[in-house]
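Enquirer: I'd like to ask some things about the structure below.
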Amino acid sequence: MKSDSRHPIKSFALYSTIVSQLAGCPVIGMLIGKWMDQQLLTSPWCMVTGLLLGFAAGILAVIKTINKL
């Protein structure tokens, strides 16, 4: 962070963005993988792959968010 005198609302917005990225991306990946498992009858492989890709996407999104500061 560039300065220690951040407004509390801006800090809260930053933290909530990071939490939503870390929680949302894996959940979306898991749901897409689960849907693909139902379509392709490959349970649980697509769900696990989607979950792992979601974790990777969440971490990359957090890194990009932090680098914007």
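The values are calculated or read from the model by the stated rules, or taken from the named source; none is laboratory data. Please read these numbers as outputs of a predicted model, since none were measured by experiment. Methodologically, a virtual Cβ is constructed for each residue, glycine included, from the backbone with ideal geometry; neighbour enumeration extends over all protein chains shown.
Enquirer: Within the set of pairs 6+ apart or on separate chains, which have a first residue in the range 35-60 that is part of a helix (DSSP H, G or I), a second that is of a type in the set (Phe, Trp, Tyr) and at pLDDT 95 or above, and C-beta atoms under 8 Å apart?
Expert: Qualifying pairs under 8 Å: ASP37/TRP45.
Enquirer: If you take the residues in the range 1-25 that are outside any helix (DSSP H, G or I) and of a type in the set (D, E, K, R), which one is modelled with the highest pLDDT? First the steps, then the outcome.
Expert: Step one: of the range 1-25, the residues outside any helix (DSSP H, G or I) are 1-7.
From what's left, of a type in the set (D, E, K, R): 2, 4, 6.
On the way: LYS2: 57, ASP4: 55, ARG6: 68.
The residue in question is ARG6.
Enquirer: Just to be sure, is PHE55 of a type in the set (Phe, Trp, Tyr) and at pLDDT below 95? Let's see the steps before the verdict.
Expert: Numbers: of a type in the set (Phe, Trp, Tyr): yes; at pLDDT below 95: no.
Spelling it out, it is not the case that PHE55 is of a type in the set (Phe, Trp, Tyr) and at pLDDT below 95.
Enquirer: Then there's this: Sort through LEU51, LEU14, LEU22 and tell me the only one that's farther than 25 Å from LEU69 by Cα and surrounded by 14 or more Cβ atoms within 10 Å (Cβ to Cβ).
Expert: Details: LEU14 fails: farther than 25 Å from LEU69 by Cα; LEU22 fails: farther than 25 Å from LEU69 by Cα.
The match here is LEU51.
Enquirer: Would you tally the residues in the range 34-48 being out of contact with any Ser or Thr (no Cβ under 6 Å at 6 or more places or on another chain) and either among the charged types (D, E, K, R) or crowded, with 16+ Cβ neighbours inside 10 Å (or both)?
Expert: Counting residues in the range 34-48 that are out of contact with any Ser or Thr (no Cβ under 6 Å at 6 or more places or on another chain) and either among the charged types (D, E, K, R) or crowded, with 16+ Cβ neighbours inside 10 Å (or both) gives 4.
Enquirer: A follow-up question, please. Looking at ILE63, ILE28, which is the one that is free of Cβ contacts under 8 Å to residues at least 12 places away in the same chain, among the aliphatic types (A, V, I, L, M), surrounded by fewer than 18 Cβ atoms within 10 Å (Cβ to Cβ) and part of a helix (DSSP H, G or I)? Break it down into steps so the answer makes sense when it comes.
Expert: Numbers: ILE28 fails: free of Cβ contacts under 8 Å to residues at least 12 places away in the same chain.
The unique qualifying residue is ILE63.
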